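Trainee: Pasting in a structure now, in C-alpha cells, and then I'll have a few things to ask.
The values are calculated or read from the model by the stated rules, or taken from the named source; none is laboratory data. As the structure is a computational prediction, the values presented were derived from the model and not from experiment. Don't worry about glycine lacking a Cβ; one is built from the backbone with ideal geometry, like all the others, and counts go over all protein chains shown. The area values use the complete protein model at the heavy-atom level, side chains included, leaving out ligands, DNA and RNA. Shrake-Rupley method; radii C 1.70, N 1.55, O 1.52, S 1.80 Å.
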Amino acid sequence: MGRSLSNIVINLGIRDQFADALSQLGFDFEVLAEQEGDACLGNGGLARLSACQMDSLATLDYPAVGYGLRYQYGLFRQVIVDGFQHEQPDYWLNFGNPWEIERVHITYPVKFYGTVTDEFLNGEKCKVWVPGEMVEAVAYDNPIPGYGTRNTINLRLWAAKPSDQHDMESFNTGDYVDAVVNRQRAESISSILYPDDRSYQGKELRLKQQYFFVSASVQDIFRRFKDTHKKFDEFPEKVALQLNDTHPSLAIAEVMRVLLDEEHLSWHRAWDIICKIFSFTTHTVSPEGLEKIPVDLLGNLLPRHLQIIYDINFNFVEELKKMIGLDYDRLTRMSIVEEGAVKNIRMANLSVICSHTVNGVSRLHSELLRTKLFKDFYDLWPHKFQYKTNGVTQRRWIVVSNPSLCALISKWLGTESWIRDIDLLIGLRDYATNAELHQEWKMVKKVNKIRLAEYIEAMSGLKVSLDAMFDVQTKRIHEYKRQLLNILGIIHRYDCIKNMDKNDRKKVVPRVCIIGGKAAPGYEIAKKIIKLCHVVAEKINNDNDIGDLLKLVFIPDYNVSVAEMVIPGADLSQHLSTAGHEASGTGSMKFLMNGCLLLATADGSTIEMVEEIGQDNMFLFGAKAHEVVALRKKGPTLKVPLQFSRVVRMIRDGHFGFEDYFKSLCDKIEGTSDYFLLGADFMSYLEAQAAADKAFVDEERWTKMSILSSAGAGRFSSDRTIQEYAENTWDIQPCRCPF
Ligand SMILES: *Cc1c(COP(=O)(O)O)cnc(C)c1O
C-alpha cells in the first residue's frame, strides 16, 4: 500500500482543509506526510497491482472486500554496505498503525494437522477432520476511501493469535511453561512476508500462511452470506472470489470442504457452486514459475484438503478421458497431481479447472497462456480464457505523487474529471505542439527533477546536473528484467566517452542513470548485479574525464514512496525484459502517465502502449517474443557483437575490481548460457539508446513525445481493468452510497 495519509485526504476531497487545519496547529502537511512509514506488505508489482485495484474498486463504487495478511514484518529494508545488499527487518508496527481498526470480536479459529475420520450423520457417511493445532485469526480493517464518492471499501488483514479453545489439554497434561511457549508460536504464522518475488520454496510456514489467510477469509465470507441467507442456492449470485495468482488457491479446497463437511451439501451441489464462484488471474509466463506444493507437506498440514483435491482430480480426469480419450501424455500434463520423485500438487491446474474464468494480464500474456502454458486447457475450454490488461491508479500515481502535473493537466483540460474518468486524458493531444503548454510541461518536469536530484545528493552526496537526461530503471532485480543489460550499456557509453577527443565529447548527451530495486535474499545473481552497479558507479562517478556527461546512481530500498518520488522526475525509463518474460509490467504505466518516455522491449503491456501512443513516441528494441525461442536454439552459432564482448571483457579483466566475484555473472551471459539474450539484443539496445539521445537534444520533439505519452496513458488506468472485471468476469453493478 505504501503511505496512506495523502491518498486518503485526497480521495475524501478534504486535502486543502486538512492542510489548513494542520497549519493552524503549526504543522506543514507535506512535512507531516513524509513522516509516515510505508506499509510494505508485498514484494513488488503483483501486490501493488492489488493496491491500485482496491483504489479503483472503491472509486467506481463496486461492493468489494480485499483480504490479506497483517504481517508484523513487511518486505525487508534494503541497505547497501560497500556496494552489497544487506537485508534489515521492517518492523513497521513498532509505533502502532493509525489506519487499522482492530476487530477484537471478528475472530475465527484456523485448524492445522491432525487426522480425518469417517463418521455417520443421519445414516450418511461423512468426513470429520480432527485437527492437531488451532490458532485464532483476528481481523484488522484498513478502510480504502474512493475518490469523488462516499463509498469506502475494506482491506481486511488477518493476524494470528494463540487460541484458547484447543490446547487447554496441553496445560493439564504437559509442562506449563512449555505449553505457554508453544502458544506463542501461533503468532509466527502472520509474522513475516516471504521476500521471494516470483519463486516458491515449498516451505511449511509459507503453506501455513496461505491456509491461514484462506481459511479466515472463507469463514468471513460464509458468515456474511449466512447473516442474510438460509440456503446456498443464492451463493453464486452473491459471491465472487477472485484468485490473485495461485497464492490463495487453497480457497477452492476450503470452500469445498466447508460445503461438504460443515454444511453437508452433496458433492454434486458443492461442486456446482465452486464452478460458479471462482475466477483466476495468473501472472506467470513460464511453466517453471507455476506454484507446486509437495503432496507430503500438504497431506500432513491439511489432510482433508488433500483428499478433496484428489477427489476433484479423480472426477476431472474421468471426465477428461471421456472427452479426449486415453491420450496419456495429455492426461498427465493436465492432472492436478504431478507424479515423480517428489509428488506435487499443481496449484495452477487446480485453479484453471475450478474457475469459470482464467485471466491473463496483457494481450501478449493471454496469447502465451492459450498457446503454451495452458494450451491443453484452452483447447478444452476456450470460453474460460480472457485477459484484462493491468492498470495503475491515476489517483496515487499522478494526483498524489505529482501534484504539479495534476494541476497542469486539469488546467489544460479545463476539468478535474480525468481523475475519475481517465479517458479524458486524450484531450491533451490537442495541445501536443502548443508552445505555452510546452513551457509549463517542461517546468513541471524540472521541479520534479530538482526534487529527485536533492534526494540523490542527500542520499549519496552525488551532485547531478539538471540538464542531463534522467534515465531510470527501478523494479525488482531479476535476470529476466535485464538490469545487467542496462549496466553493460552504461559501461559501453563510458568506454566510448573515454575514447573520444574533446570535440566529440561536446556532442555527448549528458545522462544520469538511476537504478533501484531489491534482490531476494537468496538470489545470488541478482545480488551480484547490485554490486556490479555499485563498482561501475564508483569508477564512472570519480573519473574526471567524464564529469557530468555520465553519472550512475543506485537508489536503495526501492518501495512505493521512493517510486512516487523517482517516477515524476524521470525523463526516460527502461523496461528491458526479454520478450515473453514480463506478463504485463505495471511500472511502465506509472512512468507513461507521468510523461516519461519509454525505452522498452515489445513485451507485456508495452505492446499495447505502442498502439496507444505510436511507435514514433517510444524507443522500442530487441527480439520479439516469437523470435526468442529460435534465437535460443541458435545458441552457439549466434554471433554476439564485438561491443558486447568488449564490455564483458572489461568486467572480467578487473576494470572495476572484484573480477573473481563477477566471474559467475559473466559466465551467465556468454557463450551458450545467455538464456536472456543480452548479447543478441545488445546492438538493437544501443541503437534505441542512440535514438533516445537524438530525441532528447531536440527539446520540442521530446516535450511533444512526453505530452503524447501522458495523453495516451488512459488505457493503463486500473479503473479500466476493474470495469472489465466487473462486466466480463464478476457480473456486478456499481452500488452507490446514498448521501
Ligand atoms: C509498480 C511497482 C513495481 C512493479 O514494477 P515493474 O516495472 O512492473 O516490475 C515494483 N515495485 C514497486 C515499489 C512499484 O511501485
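Trainee: Residues Lys449, Lys445: which one is open to solvent by 20 Å² or more (accessible area, probe 1.4 Å), at pLDDT 95 or above and away from the ligand (no atom under 16 Å from the Cβ)?
Mentor: From the options Lys449, Lys445, the qualifying one is Lys445.
Trainee: Would you be able to tell me the number of residues in region 322-343 that are in contact (Cβ under 8 Å) with a residue 12 or more places away in the chain and not in a helix (DSSP H, G or I)?
Mentor: 6
Trainee: Within region 612-619, does at least one residue satisfy the condition of being of a type in the set (Val, Ile, Thr) and within 12 Å of the ligand (Cβ to nearest atom)?
Mentor: No; the residues of region 612-619 include none that is of a type in the set (Val, Ile, Thr) and within 12 Å of the ligand (Cβ to nearest atom).
Trainee: Right, here's the next one. Mind checking which residues of region 16-31 are outside any helix (DSSP H, G or I) and touching a helix residue (DSSP H, G or I) at 6+ places or on another chain (Cβ under 8 Å)?
Mentor: Asp28
Trainee: Suppose we filter region 14-40 for residues that are open to solvent by 40 Å² or more (accessible area, probe 1.4 Å) and in contact with a Gly (Cβ under 7 Å, 6 or more places away or on another chain); how many remain?
Mentor: 0
Trainee: Right, next: If I filter region 1-10 for residues that are outside any helix (DSSP H, G or I) and more than 26 Å from Gly585 (Cα to Cα), do I get at least one hit?
Mentor: No, because not a single residue in region 1-10 is outside any helix (DSSP H, G or I) and more than 26 Å from Gly585 (Cα to Cα).
Trainee: With the condition kept exactly as written, say whether any residue in region 208-216 is open to solvent by 10 Å² or more (accessible area, probe 1.4 Å), under 24 Å from the mean Cα position of the chain (by Cα), at pLDDT below 95 and among the aromatic types (Phe, Trp, Tyr).
Mentor: no
Trainee: Got at least one residue in region 131-141 being under 23 Å from the mean Cα position of the chain (by Cα), touching a residue at least 24 places away in the same chain (Cβ under 8 Å) and surrounded by 18 or more Cβ atoms within 10 Å (Cβ to Cβ)?
Mentor: yes
Trainee: Further question on the same structure: Would you point out which residue out of Leu57, Leu46 is within 16 Å of the ligand (Cβ to nearest atom) and either part of a helix (DSSP H, G or I) or touching a strand residue (DSSP E or B) at 6+ places or on another chain (Cβ under 6 Å) (or both)?
Mentor: Within the list Leu57, Leu46, the selection yields Leu46.
Trainee: Follow-up. Looking only at region 93-114, which residues are open to solvent by 80 Å² or more (accessible area, probe 1.4 Å) and over 30 Å from Gln35 (Cβ atoms)?
Mentor: Hit for region 93-114 is His105, nothing else.
Trainee: Residues in region 516-532: is at least one under 23 Å from Ser4 (Cβ atoms) and open to solvent by less than 20 Å² (accessible area, probe 1.4 Å)?
Mentor: yes
Trainee: When only residues in region 379-405 that are without any contact (Cβ under 8 Å) to a residue 40 or more places away in the chain and open to solvent by 20 Å² or more (accessible area, probe 1.4 Å) count, which is farthest from Ser6 (Cα to Cα)?
Mentor: Across region 379-405, the extreme among qualifying residues is Asp379.
Trainee: Check off (1) free of Cβ contacts under 8 Å to residues at least 60 places away in the same chain; (2) buried (at least 16 other Cβ atoms within 10 Å of the Cβ) for Ser351 and give me the number that stays unchecked.
Mentor: (1)
Trainee: Please go through region 344-390 and give me each residue that is of a type in the set (Gly, Ala, Ser), closer than 19 Å to Gly580 by Cα and not in a helix (DSSP H, G or I), ordered by number.
Mentor: If the condition is that a residue be of a type in the set (Gly, Ala, Ser), closer than 19 Å to Gly580 by Cα and not in a helix (DSSP H, G or I), then Gly360, Ser362 are the ones that fit.
Trainee: For Trp92, which of the numbered conditions (1) of a type outside the set (A, V, I, L, M); (2) within 16 Å of the ligand (Cβ to nearest atom); (3) in contact (Cβ under 8 Å) with a residue 60 or more places away in the chain fails to hold?
Mentor: Every condition holds for Trp92 apart from (3).
Trainee: Okay, moving on. Looking only at residues in region 458-485 that are within 12 Å of the ligand (Cβ to nearest atom) and of a type in the set (S, T, N, Q), which one is farthest from Lys445 (Cα to Cα)?
Mentor: Once the filter is applied, the top-ranked residue is Gln483.
Each row is one residue, and each column tells you yes or no for (1) farther than 23 Å from Ile422 by Cα; (2) surrounded by fewer than 24 Cβ atoms within 10 Å (Cβ to Cβ).
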| position | (1), (2) |
| --- | --- |
| Val566 | no, no |
| Gln574 | yes, no |
| Ala583 | yes, no |
| Glu608 | no, yes |
| Leu620 | yes, yes |
